[in-house]
Amino acid sequence: MSEHTLDTSRLLCPMPVIRTQNKVNELSDGDTLVITCTDPGVLNDIPAWCRINGHEVIGTEKNADDIIITVLVKHL
Amino acid sequence: MSKQYKAAALISGGLDSLLAAKVMLEQGIHVEGINFFTGFCVEGHTAAIRKKHQDKPKRNNALWSAEQLGIKLHIVDIVEEYKDVLINPKHGYGANMNPCLDCKIFMVKKAKQWIEENDFDFIITGEVMGQRPMSQRKEVMPVVVNESGAGDLLLRPLCAKNLPKTKPEIEGWVDREKLLAFHGRNRKPQMALAKEFGFEDYAAPAGGCCFLTDENYATKLVDLWQARSSRDYEMDDIMLLKIGRHLRPKPYFKLIIGREEGENKFMQGYTKLYTNIKTVSHGGPLCLIDGPVDKADLEFAAQMVARYSQGKNEAAVTLSISRVGEEPYEITVQPLSADAIKQEWHV
């Protein structure tokens, strides 16, 4: 189990979701991925993508300039 | 135990692809969705960058559809490959810069590759014969089948009864009798089926999912190509065409001026890549400059930006100019008068 990071700043959805999807596919069950985003659409889309694919959002942090979402990888 | 056949559904986020996938699920087919991202896809929250669209749902409709269906969705980035489809469409463009038929052929072709790589049995789409003027006419339905290479592995559940039998029907993987015979532009049958399946909050029917069908967007894209003497683009180019007020006072540069706080905030992310101008002495927009500019061009651009600031009627407005990789500097200018902003500069 290890922590990984992904920066999707400046990207508009669905690109942050695509980058998240591609990165998560490289990770193992129990790994976490900390995603930095600037498109507020991720607040809906990354949790939706996780629900569909079985992963879990374990943290969401809204800052002045960005949004940090932490995903726990759980491959179905 | 009989084999459960697997279908890859092209999910656009619209009603038709939602229904087509549901029809297959009802027949016990294992369905997973594929959504192709071309860079030109319209999303609720892309529009919602602007405050005036804050009432619209900030959701990706393809993800939402997949969630309603309870299926996996694979979002595939085809931005680079799609350039050739847009720049060199064999079958031409629709009313604007939309290469709908080539686009459909390309997506089905990619889906064919995907099912081969992922051991799926066939492809489904939400196409309805006669519904779209370019890509869903009766005479082009076989063109998609043939030119995509999908052949009889392409099943269109919503209008299958109007078409020759496909392999899933011939082999009995699906029951043709339970497929549909929708045709034409009338949306009532789809809406009735949606109601039957219990779908209420689906995305706006009949498309509108691609910026290339939008006249204003297409005009900006053509302007970009003309200014660069090249029919090429990068991801940042096509993103920025979606937002801001675009003015081209000279052939070699244009201004992208934020129209409101949401756009200014989004454009802020591009300030390290583009020369930019911000109003300092008054409230005002952020402006990105696309194209090579000299000092005189920047002073003129500053006067234009000042025109769109809260100091537009003042004698002097101070702005900050920042070139990529250089220290910003301030300049004080008299805003251009409204008459001095020529109509033909608006892209």
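A short reminder: the numbers here are calculations on the coordinates, not readings from a lab. As the structure is a computational prediction, the values presented were derived from the model and not from experiment. Note that each Cβ is placed from the backbone with ideal geometry, even for glycine, and that neighbours are counted across all protein chains shown.
Quick look at the numbers
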read-out	value
Shape parameters for region B:6-210, alpha-carbon atoms, Rg then Dmax in Å	16.1, 53
Exposure proxy ranking, count of Cβ atoms within 10 Å, fewest first, for B:TYR270, B:TYR217	B:TYR270, B:TYR217
Distance violations [Cα-Cα > 25 Å] among B:LYS250/B:LYS278; B:LYS22/B:LYS90; B:LYS22/B:LYS167; B:LYS265/B:LYS342; B:LYS295/B:LYS342	B:LYS22/B:LYS90; B:LYS265/B:LYS342
Calculated FRET efficiency for the pair B:ARG228/A:ASN22, C-beta based, R₀ 30 Å, to 0.05	0.50
Highest-fluctuation residue, B:LEU193, B:LEU224, B:LEU212 considered, GNM on chain B with Cα pairs under 10 Å	B:LEU193
Column: log10 I(q)/I(0), Debye, Cα scatterers of chain B, q = 0.12, 0.15, 0.16 Å⁻¹	-0.87, -1.16, -1.28
